Amino acid sequence: MLYIILTIALLALSALLFTPSFKAFTHRYEVACNFILTLVATLVGVLLAIAISNYDADRKEVKDLIKVLHAAEAVVEESLEYSISLHEAYQQNIDKYGEKQAFFTRNPLVYPQYLDNMLTQNLVSKNLSMEGLSELNEHLIILQRSQKVAPETFIASMRYIKQILILERRFQNAELSEQDYMQMQDEHEEQLVRPNHNTNNN
């Protein structure tokens, strides 16, 4: 953006030499004016080239980020399916498997380690939205704390993480505006809180 602004400023200053007010000046210092215009044209070319190069680099980073988010979705989906199956198996055989914490300590739910590695990448920390980065970090901590002691909380947070990854990917792909992103994120968060609230009341 800075290079575009500088380019426009240089073009605007150059255009002044062609106004009637500077007509006498340009005739008197024709060689100097030609030199300045040549220099400006060169600078404009260089600045435009840099701006285009930066734009291409930014677009490539976004495309790479979207690929990473796709991979993260797949990992979370696989971890979620296994965790749900394991939890259902326990629920159907409580008498056989005994106390919940002991069972899930022996058979921990699948933590998506890929997300920890993903969030340490410069590509992700640099380009991920602040909201997405914050929510993912917060719920990865919840996953770590609930993995062996609260399978319902673990699964609920995993589902929420999956939705955040989907929203983030769509946002990065310009399918969602920032306002839409925030609104849908709030809706998913309300769905996450409501079941927990009801469980606590019971």
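Okay, here's what the table says:
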quantity	calculated
Those residues of segment 87-105 which are closer than 27 Å to ALA74 by Cβ and either open to solvent by less than 30 Å² (accessible area, probe 1.4 Å) or hydrophobic (A, V, I, L, M, F, W, C) (or both), in sequence order	HIS87, ALA89, TYR90, PHE104
Qualifying positions in segment 82-110 - free of Cβ contacts under 8 Å to residues at least 40 places away in the same chain and among the charged types (D, E, K, R)	GLU88, ASP95, LYS96, GLU99, ARG106
Residue count for segment 111-141, restricted to those that are open to solvent by 50 Å² or more (accessible area, probe 1.4 Å), in contact (Cβ under 8 Å) with a residue 12 or more places away in the chain and in a helix (DSSP H, G or I)	4
Single unsatisfied condition, LYS148 versus (1) open to solvent by less than 70 Å² (accessible area, probe 1.4 Å); (2) outside any helix (DSSP H, G or I)	(1)
Single residue of TYR55, TYR82 found to be more than 16 Å from the chain's Cα centre (by Cα), of a type in the set (Phe, Trp, Tyr) and modelled with pLDDT under 85	TYR55
All positions within segment 154-188 that are part of a helix (DSSP H, G or I), open to solvent by 50 Å² or more (accessible area, probe 1.4 Å) and of a type outside the set (Asp, Glu)	ARG159, LYS162, GLN163, ARG170, PHE171, GLN179, MET182, GLN183, MET184
Evaluation of PRO108 against (1) outside any helix (DSSP H, G or I); (2) surrounded by 16 or more Cβ atoms within 10 Å (Cβ to Cβ) (one fails), failing number	(2)
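The values are calculated or read from the model by the stated rules, or taken from the named source; none is laboratory data. Bear in mind the structure is a predicted one, so any value in this text is a computation, not a measurement. Please note: Cβ atoms are built from the backbone with ideal geometry, for glycine as well, and neighbour counts cover all protein chains shown. Protein only, heavy atoms only, side chains kept; ligands, DNA and RNA dropped before computing areas. Shrake-Rupley method; radii C 1.70, N 1.55, O 1.52, S 1.80 Å.
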